[in-house]
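The values are calculated or read from the model by the stated rules, or taken from the named source; none is laboratory data. Just so we're clear, the structure is a prediction, and the values are computed from it rather than from any experiment. Ideal geometry is used to build each Cβ from the backbone, glycine not excepted, and the neighbour counts take in all protein chains shown. Quick note on the areas: whole protein, heavy atoms, side chains included, nothing else; ligands and nucleic acids left out. Shrake-Rupley method; radii C 1.70, N 1.55, O 1.52, S 1.80 Å.
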Amino acid sequence: MAEAKITREAGGALYLCNLKPSVRDLLERGGFLDHVGRDNVFGTKEEAIRAIYARLEAPRCKACTALIFSECQEMLPDGRFRAA
């Protein structure tokens, strides 16, 4: 999957969630889930955001003022409380 490779080479990752069973089966049979990374495929958007947030760099998140996800509001990805 070219998108996964391009994104990885740029320092990012491709994440998938809410796949319909037929789409997941097609991606599985074609070997695309291995290209994306099976740990980057989630059942729901909520699971995806929670898992991705936990993978972020705490110092970068600490400096961020956007706080766009509910996960950002009080805790940093490493579990420390965000300073008030």
Residue count for region 22-41, restricted to those that are within 24 Å of residue 55 (Cβ to Cβ) and of a type in the set (Gly, Ala, Ser) | 2
Residues located in region 16-57, provided they are at pLDDT below 95 and of a type in the set (Ser, Thr, Tyr) | 53
Only one of 57, 9 is under 30 Å from residue 81 (Cβ atoms), open to solvent by 60 Å² or more (accessible area, probe 1.4 Å) and free of Cβ contacts under 8 Å to residues at least 24 places away in the same chain, namely 57
